[in-house]
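Bear in mind these aren't lab numbers, they're just calculated from the coordinates by the rules spelled out. It should be emphasised that the depicted structure is a prediction, and the values quoted were computed from it without experimental measurement.
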Amino acid sequence: MSTLFYQFADLQTYITTQNTFTVSVAENVSVVLVQYATGCITNGYGCGVDLTYSLIPANGTCAYADYGPIEVNGAYKSQSDTIVFYNVAPGTYKLCIQNKDSGNPADGNGYIYY
């Protein structure tokens, strides 16, 4: 199993992972993630964000996701959350992360397991 690390800060609209990853055979792709409001000190009130995660072709855009979006609401800072894209076909992908509330910027990071 391979992994790809990603991170982002002050996300207001969307971002894609800079690096791509390649799935050789159909398999599940897991993303272990943390996300929280920019400047959040604790996991308390006001730290939550509303983000979506999608897999897109390596040369594609967030508007044309092959898998997802999977919506993740809330703050995951001192703990993580895991989402799974099931039965991902062979190909080369990027992860697209979109902030559904651009007035509430987000920070985060995670690992993609493929």
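List of remarks:
- The length gained on full extension between Thr42 and Ser24, counted as 0.36 nm times the residue separation minus their Cα-Cα distance, comes to 2.5 nm.
- Were the residues from Asn104 through Ala9 laid out at 0.36 nm apart, the gain over their Cα-Cα distance would be 33.0 nm.
- Taken along its principal axes, the alpha carbon cloud of the chain reaches lengths of 42, 26, 19 Å, longest axis first.
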